[in-house]
Every structure is written in C-alpha cells, then in structure tokens.
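Visitor: Structure incoming, see below.
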Amino acid sequence: MNIVELENLKHQFPDGTVGLDGIRLSISKGSFVVIAGSNGSGKTTLLRHLNGLLNPTAGIVRIDGMPVSADVRRARRKVGLVFQEPDSQIVGETVASDVAFGPQNLRLDPAEVDRRVSAALESVGLKALADKPPHLLSGGEKRRLALAGILAMGPSVVAFDEPFASLDDTGVRSIVAEICRLKNDGYTVIVTTHDLEPVLFIADRLIVMQAGRIVRDGFPVQIANEVGDFGVRKPCTCGWPANRRE
Amino acid sequence: MTDSHSLRMSVFAALFAALTAMGAFIAVPIGPVPIVLQNLFVMLAGLLLGPRWGLASVGIYLLAGFCGLPVFAGGQAGIGRLIGPTGGYLIGYLPAVYIIGRMTRGSDHRLLREAGAMVLGTLLLYACGVSWLKVVTGLSWTKALAVGMLPFLIGDALKIAAAIPIARSLRPVMQTEVPAADPMRMETAGRTGSTP
Amino acid sequence: MHMRVAGEPAGVIRMSPISYRLGTGALHALDARFKFVILIVLSLSVVKAGALHLALLACGQIALLSFLGCSFKSLTTELRYLLVLLLLVFLVRAFTMPGEAVFRLYWLSFSRQGAAAGALIAARMLLVVLLGTTLVITTRPAEIKAAVEWFLKPFPGLPAARIGTMFGLLLRLIPLLSVQFAETMDAQRARGVENRINPVYRLTWLAIPFLRRSFSAADRLSIAMEARCYTDDRTGHRLTATRRDWLVLAVGIVYGIFVLAT
Ligand SMILES: Nc1ncnc2c1ncn2[C@@H]1O[C@H](COP(=O)(O)OP(=O)(O)O)[C@@H](O)[C@H]1O
Ligand SMILES: [Mg+2]
C-alpha cells in the first residue's frame, strides 16, 4: 500500500525558479527511502509538499489516499517533518514544553499530552533532560528533540531533511540509530541527504534528484556508484562495515 | 487554522521583543559612554513591523517582564523594574514604537520622514523616562534632564543614523516571505541580491 | 571594535541568575494565579506601608529568599544598579528636602525629614522588587504563562492564547539570538569592521548581518510551528487550585489589609 503518492508534481516559486519539475513518486508504507541530490536539486521543496507547507503549481500530493489540499491538518499530523536546522524548529523554552507543543495544537487533553511527551522523550532517550532549556543541548540532542516533537503528534511518515548536516560522528550515529528504530517500529521514513555514506546499507530505496526531477530510482547498492554524476558524495565503502553498529 | 501571515508576524514581534530584552545587555563602546542597543531595536521594531505589531512586540516584552518572566536586565523581576527609577524609559517605548511605526507606515520611506519619526519617538521616550525619574528621585527638572537625557543624546543620534540604512536593507527580507530555504542558500542570497 | 556581552563566554546571555529554581516547597506548589494576586496585594500595601511593616516584610522576604537558595550576596550583586539608584534617591531627598539639619556639607544640608522620606521610598521599591523575585524563583515560566493567559482570557479583544505563545517564543529566542549575536560579532571582527572609525558604519555592519540571520531563524521557526499544526485554540497548561491555595490567599489578603489599616 502506498502512503505517499505524488502525481506529476510541479512547483514554481513566485520569483520564477522552478523547484520541482514533474515528480511522480509512490512510497510504500513502512519503507525507508533516501532522496539524494546536490544543493538546490529540490529535496527540501519536495518534502514541504508532503504536509502542505508549499502548494503545488500543478499535480497532486496524496497522503494515505487523501489529497493534502483536502485536509492540511491531517497531512501535517500524518507526515512529521524534521527540518534541516534543528535550532529554529524548537519552539518550547524547555525540552518537555517543546515536545508538548504539537500535541497541544491537536487539542488533546492535558493527561494525554503528558503521556505522549514522556513516551516521546523516552523513545529518543531525552527523558533525563526534560526540564533543560533547549539551547544547552548538543547538535545531535537537538535533532532528537525535534524528532520527539514530531513523534508526539503520532505521525505515520517521518521525513528528515538533511539530518546529517553539521553533525559530528557521534551525532550522525545517534541519528542513524533513531532511523533504524523508527523503521523497525513500522514508520515510513524519508531522508534527504547529499551524503549517502551513513544510510547506504540500511535504506530500502534510493532516489536521486537533479534540477527538480527524479533521475535515478532503485536499490541503493545498485545505483550508488552512479550518484557521483549528480553531485552527491559517493560513499566510500572502505572501512564502513567496521563502523557499522547493528 | 491560524493564518500563516499572522503567525509569522507574531514570531517577528516575539523576535523584536527578544532583541529588546537582549539590547539592554549589549553595549557598543562608541565614544565616552558605551551605547546600549535597546532603543535601537525598539526603533527598528517601529520601522519594520509597523505600529500595530511594533506595539505588540514592546507590549509583550513589558508584560512578560511585569509578570516576572526573566526578560529585564539585572534581576529586577516584575513590577519593581517598572515602578523603579528607570521604569519610565521602559513605558516610554510604547508611545515611541507606535509613533515611529505610524509615521513611517505606507509612505515611500523617505529619509526625512523616518528620521523625523525617530526623533519624535525618542522625545516621547525621554518625556516618559525623565519625568518618572524626576518623580521618584525628587530631582529638579534641569538636574533630571542632565542625568537622565543629556548623556545619551549623542548615542541616540548615532542610532537614528544607523537605523535608517539597517531598516532599508532589512525591509525586503521582512516583507517577502522567504520559505526558509537552506541556510547556505539564504546567506549567499543575502550577500549578493535582495537590496532594494 | 571591542564589545561586551554580559553573561556567559559562550555567548549565551543569561538574563539573570535570579530565575526559576527547581523546588518542591510550599511556595513552589502554590497555584501561580494565587501567587500573582498575593503579589499584587502585597505590592500595593507596601506602597502605603510604614517603617515598621516595611522592616518586618523586608526581613521576612530576605529570610525567605535565602531559604529558597538565593544568597544575600548574589542578590546584592545582581541588584547593584538598582541599589545605586535607590541610594541616589535617598541622597537627593535627604539633601533637597527642607527640615531639621543633621549635618552640613558645604552649602547642602542633610535633613532628617528628607532622609526619612528617602529611606521610605527606597525601601518600598526594594521590597516590591524582592516580592517579584520570590515569584520568579518559585514559578515555572510555563505556569506564569498559563496564569497570564487565564487572567487575560476575560478581556475581549486580547488574544490571550497568542500572548502566551509569544511569551514562550520570547524566552526561547533570547538564548538563540544571543549566540547568533556573538557569532556575528566574531565574524565581523575577523573582517576588520572594527578598524573603521565611523561609528554609524560599525553599528550598521554589525546589525545588518545579525538581523538578517535572526530574521531567517524567525522565518524557519514560524514554518516549523505551522508544520506542527499551530493553532490559537490549543490545550493549555493545567492550573488547579486546592484548599491550601485559598487559605494562603486569604492570609495574604488579610495581612495586606492589616498593613494598609495600620
Ligand atoms: N523561496 C524560494 N524562492 C525561490 N527559489 C527557491 C526558494 N526556495 C528554494 N528555491 C530554489 O528552488 C530550488 C530547489 O531548492 P531546495 O528544494 O531548497 O533544494 P535542496 O533542498 O535540494 O538543496 C533551488 O534552485 C533553490 O534555489
Ligand atoms: Mg535542502
């Protein structure tokens, strides 16, 4: 069953830049899809269509069978977006109040909000930091906090925009571990990146974008050696298995 | 569902409230007295947010401080800061930001109009600040003006002169809704293009 | 250009070391709305209180604050500017008010009545500040937010929920912006902006890149809020009043009236 369906999606920005140019894409439930492409290839623009932050110029976006435009709130509940810059998506003045932000917007009753907050913090391993102000967290912790804020809303799709950008090795590993866990828990996971290395062996599907189009789509290990043509960093597999933690 | 324009403006008003709070701590040593940037940010709130949202931003700052949230300098939490000797300057930000926003709204932002609005706003600010200082301390008018206004005038003139090009350069950013792209892209865009 | 950012070296401005402290005492447990009412009643009565009650209240406040972990020393360092101003208030009154002269300094006379009046005003202001400090130390920002929303709700035309949201954003943005400011300053210093003599130029070339960055952070923040279904009609923080809250409120009000009456 397809949870995300994009039909002939086009997006042109007000200044005339073409962000997306005819994207057709179906993503099946529970899969882990990596979208790779150089800067400016349209990855972020694509993710923003999944929950109605941007509206298509042409084409249609369906989440779980229903067009996003029919019920934006539903799409935003179903598709959780973890943005590239964790600092500017953390809204709360403490870790716990940030995670509560989404559930409160869903008008859940206070007991349910508390339950979801502690469950989400538990699952990303930030329970002990619940009362800390977010600016004292490390880069990896901030990304996990952003993820907790999304998980507390109960999504079926979790999309990460460039989750590995500007993270140190520990940070990258903790995010990879979170992604694996999400996948095992049955979430559909979408990750955009211009660095394939951390996800090459765990992804189910690799999509390569260039200039707003999909130029490759297939098994990661099969097409990985072609990505260099599209401005994506080629994974250097040597030494990788030693680092792998599974 | 809340419409995204008013949400965006609320975030910007909160941003200017935060800048105003920080401005009390940021001092640039220019000339003999280091100048504090707080009133620069208030003037920019008027110029960039307009009267309504400018007032909202200063109002949020004052209300938050009044209610005891830690936004006032020097641990002077709550009402004490507002009724204290320098409380009048804080209250004075309200008429100042409003008049600056009001006078520059919708015009084609001519130099004289902006400068005039800021001078008037600054005068209103001192009218509130100095008269409260006089009431609390019991100083005479001349002494109150000498202590509570004269030392700051040069700094204020510099800030007014700087506020004009700053507002000019940021107004396009403020007005065109940039759906946050990659920070890298934003920065190059900031450096090369988007000047009026 | 040398600039001073008070606070931590990392560039985070701590607005004040006097801020919320975790605790489980009776004051921490008190409903924030009740604390506000008591605070306002006591502040009003302080404005009218005589020397005796001021002394009593001040001792009580200082004892309470040190019990809450706020030492006398940290209070005086934190409030030093206020203390200097209050000293100024005291001196101006003492030297300008006519009355029985205690001593003379050149042509000025220090009057007893003036000193008494100045001390009274200074003490009242200090006490109101200390009362506020107690509230800040014992109340979570989230509770303050919720209480303010509760008080504003009955007023038509005031978007209480939105104001609460903006309070939260304000607290969130202060540390974020102060880090960005410190970084921008370093970057501009590396580019030699400090060598320019024209102060307007220096101010402009510090403020423009800093504000540009903070604006794009604000833009991203508002998009992230939208992505998380932001609405004004949202679940609020729970505030529940107990019997004890009412009891404390009653005691506070009675004491306030007593102070006003005597
Ligand atoms: N707000 C905008 N206005 C105009 N053009 C934009 C905007 N945001 C992105 N673009 C352009 O759209 C294209 C795709 O951008 P984006 O989706 O951010 O790429 P990626 O995330 O893959 O780096 C780029 O050419 C970019 O310059
Ligand atoms: Mg991107």
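Visitor: Taking N as the number of residues in chain A, what value does Rg over Cα atoms divided by 2.2 N^0.38 Å take? Walk me through the intermediate numbers first.
Guide: On the way: Rg = 17.6 Å, N = 246, 2.2 N^0.38 = 17.8 Å.
Dividing the Cα Rg of chain A by 2.2 N^0.38 Å gives 0.99.
Visitor: Here's another thing I want to ask about it. Find the Cα radius of gyration of segment C:19-169, compare it with 2.2 N^0.38 Å by division, and give the number to two decimals.
Guide: Values: Rg = 19.2 Å, N = 151, 2.2 N^0.38 = 14.8 Å.
Rounded to two decimals, the normalised Rg is 1.30.
Visitor: How about C:Lys35: which aspartates and glutamates have a C-alpha closer than 18 Å to its C-alpha, ignoring those fewer than 8 places off in the same chain?
Guide: Within the straight-line cut-off, C:Lys35 pairs with C:Glu143, C:Glu149, C:Asp245.
Visitor: Could I ask something else about it? Which residues of segment B:1-20 end up with at least 20 Å² less accessible area in the presence of all protein chains than when their chain stands alone, using a 1.4 Å probe?
Guide: B:Met1, B:Thr2, B:Ser4, B:Leu7, B:Arg8, B:Ser10, B:Val11, B:Phe12, B:Ala14, B:Leu15, B:Ala18, B:Leu19
Visitor: From zero up to wherever the largest Cα-Cα distance of segment A:49-190 sits, split into 10 Å bins and tell me the percent of pairs in each.
Guide: Spelled out bin by bin, segment A:49-190 gives 12, 42, 35, 11, 1 percent.
Visitor: Just tell me, in residue order, which DSSP H segments of chain C are both 18 angstrom or longer along the helix axis (alpha-carbon based) and at least 1.0 in mean Kyte-Doolittle hydropathy. Write down the numbers at each step before the final one.
Guide: Numbers: long enough: C:32-48 (25 Å, 1.81); C:51-67 (24 Å, 1.88); C:80-96 (24 Å, 2.09); C:112-138 (39 Å, 1.53); C:160-190 (45 Å, 0.72); C:199-227 (42 Å, 0.39); C:243-261 (27 Å, 1.48).
Both cut-offs are met by C:32-48, C:51-67, C:80-96, C:112-138, C:243-261.
Visitor: Go ahead and estimate [θ] at 222 nm for chain A from helices alone: -39,500 (n - 2.57) per DSSP H run with n ≥ 4, summed, over the residue count, rounded to 500. It would help to have the intermediate numbers written out before the result.
Guide: On the way: 8 runs with 78 residues, N = 246.
Value at 222 nm, helices only: -9000 deg cm²/dmol.
Visitor: Determine the residues within segment B:123-151 where the difference in accessible area between the chain on its own and the full set of protein chains amounts to at least 20 Å²; count protein heavy atoms only and use a 1.4 Å probe.
Guide: Buried-area filter returns B:Val136, B:Thr137, B:Gly138, B:Leu139.
Visitor: Among A:Gly154, A:Gly228, A:Gly30, determine the one that fluctuates most according to a GNM of chain A built with springs between C-alpha atoms less than 10 Å apart.
Guide: A:Gly228
Visitor: What whole-number distance in Å separates the alpha-carbon centres of segment A:103-153 and segment C:75-148?
Guide: So the two Cα centres are separated by 44 Å.
Visitor: Sort B:Cys67, B:Cys128 from largest to smallest accessible area, using a 1.4 Å probe on the heavy atoms of the protein chains.
Guide: Numbers: B:Cys67 10, B:Cys128 45 Å².
So, going from the largest accessible area down, we get B:Cys128, B:Cys67.
Visitor: Further question: Can you find, among A:Val191, B:Ile91, A:Val215, the residue sitting farthest towards the positive end of the charge dipole of the protein assembly as shown, where Lys and Arg contribute +1 and Asp and Glu -1 at Cβ?
Guide: Looking along the dipole axis, the top candidate is B:Ile91.
Visitor: Run the quick spin-label model on C:Trp246 and B:Leu153: label points 7 Å from Cα toward the beta carbon, then report their separation in nm to one decimal.
Guide: A separation of 6.0 nm, rounded to one decimal place.
Visitor: Could you give the length gained on full extension between A:Val221 and A:Asn8, defined as 0.36 nm per residue of separation minus the Cα-Cα distance, in nm? Write out the running numbers ahead of the final one.
Guide: Details: separation 213, 0.36 × 213 = 76.68 nm, distance 2.70 nm.
Length difference between fully extended and current span is 74.0 nm.
Visitor: Give me the Kirkwood hydrodynamic radius of segment A:1-97 in Å, from all C-alpha pairs, to one decimal place? Please list the in-between numbers first.
Guide: Numbers: mean 1/r = 0.0689 Å⁻¹.
Hydrodynamic radius (Kirkwood, Cα only) of segment A:1-97 equals 14.5 Å.
Visitor: In whole angstrom, note down how far apart the Cα centers of segment C:226-245 and segment A:44-64 are.
Guide: 31 Å
Visitor: Count the DSSP beta bridges whose two residues both fall in the protein assembly as shown, then state the antiparallel fraction as a percent rounded to the nearest 5.
Guide: Working: 28 of 48 bridges.
Beta bridges within the protein assembly as shown, antiparallel portion: roughly 60 percent.
Visitor: Picking from C:Leu239, C:Leu247, C:Leu135, which is most flexible by a Gaussian network model of chain C using Cα springs under 10 Å?
Guide: So, out of C:Leu239, C:Leu247, C:Leu135, the one fluctuating most is C:Leu247.
Visitor: Once you wrap a convex hull around the alpha carbon atoms of segment C:123-166, what is its projected area averaged over all directions, in nm²? Provide the component values of the computation, followed by the final result.
Guide: Numbers: hull surface 15.4 nm².
Average projection, Cα convex hull of segment C:123-166: 3.9 nm².
Visitor: Now a separate question. Which percent of the accessible heavy-atom area of the protein assembly as shown goes to carbon and sulfur, probe 1.4 angstrom? Can you show the working numbers first?
Guide: Working: 18570 of 29900 Å².
Looking at the protein assembly as shown in its full context, I get 62 percent from C and S.
Visitor: In Å², and per residue, what accessible area does segment C:141-236 have when probed at 1.4 Å with the other protein chains present? Please list the in-between numbers first.
Guide: Details: 3500 Å² over 96 residues.
Dividing the accessible area of segment C:141-236 by its residue count gives 37 Å².
Visitor: Right, another one. Checking the cross-link filter: which lysines have an alpha carbon closer than 30 Å to that of A:Lys29, excluding same-chain neighbours under 8 positions apart?
Guide: Candidates past the 8-residue exclusion: A:Lys10, A:Lys43, A:Lys78, A:Lys127, A:Lys142, A:Lys183, A:Lys234.
Visitor: Let me ask you something else. With just the Cα atoms of chain C, tell me how far they stretch along each of the three principal axes, in Å, largest first.
Guide: 62, 59, 37
Visitor: Using only alpha carbon positions, build the gyration tensor of segment B:3-175, then give the equivalent ellipsoid semi-axes as the square roots of 5 times its eigenvalues, largest first, whole angstrom.
Guide: On the way: eigenvalues 128, 78, 40 Å².
Value: 25, 20, 14 Å, ordered largest first.
Visitor: To continue, here is another question. Over the Cα atoms of segment C:108-147, Rg to Rh with Kirkwood Rh, two decimal places?
Guide: Details: Rg = 16.8 Å, Rh = 12.4 Å.
Looking at segment C:108-147, the ratio lands at 1.35.
Visitor: Report the B-C buried area as the accessible area lost on both sides summed, probe 1.4 Å, in Å² to the nearest 100. The partial results should precede the final answer.
Guide: Details: alone 10900 and 17200 Å², together 21690 Å².
In total, chains B and C hide about 6400 Å² from solvent.
Visitor: Just tell me how shielded A:48-59 is by partners: mean number of partner chain Cβ atoms within 10 Å of each residue's Cβ, no decimals.
Guide: Numbers: counts 5, 0, 1, 4, 2, 7, 2, 0, 0, 0, 0, 0.
Across the residues of A:48-59, the mean count of other-chain Cβ atoms within 10 Å is 2.
Visitor: Rank C:Ala58, C:Ala101, C:Ala123 by mean-square fluctuation in a GNM of chain C with C-alpha springs under 10 angstrom and give only the top-ranked residue.
Guide: Of C:Ala58, C:Ala101, C:Ala123, the most mobile in the Gaussian network model is C:Ala101.
Visitor: On to the next question. With Rg and the Kirkwood Rh both taken from Cα atoms, where does Rg over Rh land for the protein assembly as shown? Write down the numbers at each step before the final one.
Guide: Details: Rg = 28.1 Å, Rh = 27.6 Å.
Taking Rg over the Kirkwood Rh, I get 1.02.
Visitor: If I model segment C:141-236 as equal point scatterers sitting on the Cα atoms and use the Debye formula, what is log10 I(q)/I(0) at q = 0.16, 0.18 Å⁻¹?
Guide: -0.78, -0.87
The values are calculated or read from the model by the stated rules, or taken from the named source; none is laboratory data. Keep in mind the model is a prediction, meaning the values are calculated, not measured. Cβ sites come from the backbone with ideal geometry, for glycine too, and all protein chains shown count toward neighbours. Surface areas here come from the heavy atoms of the whole protein model, side chains and all, with no ligands, DNA or RNA. Shrake-Rupley method; radii C 1.70, N 1.55, O 1.52, S 1.80 Å.
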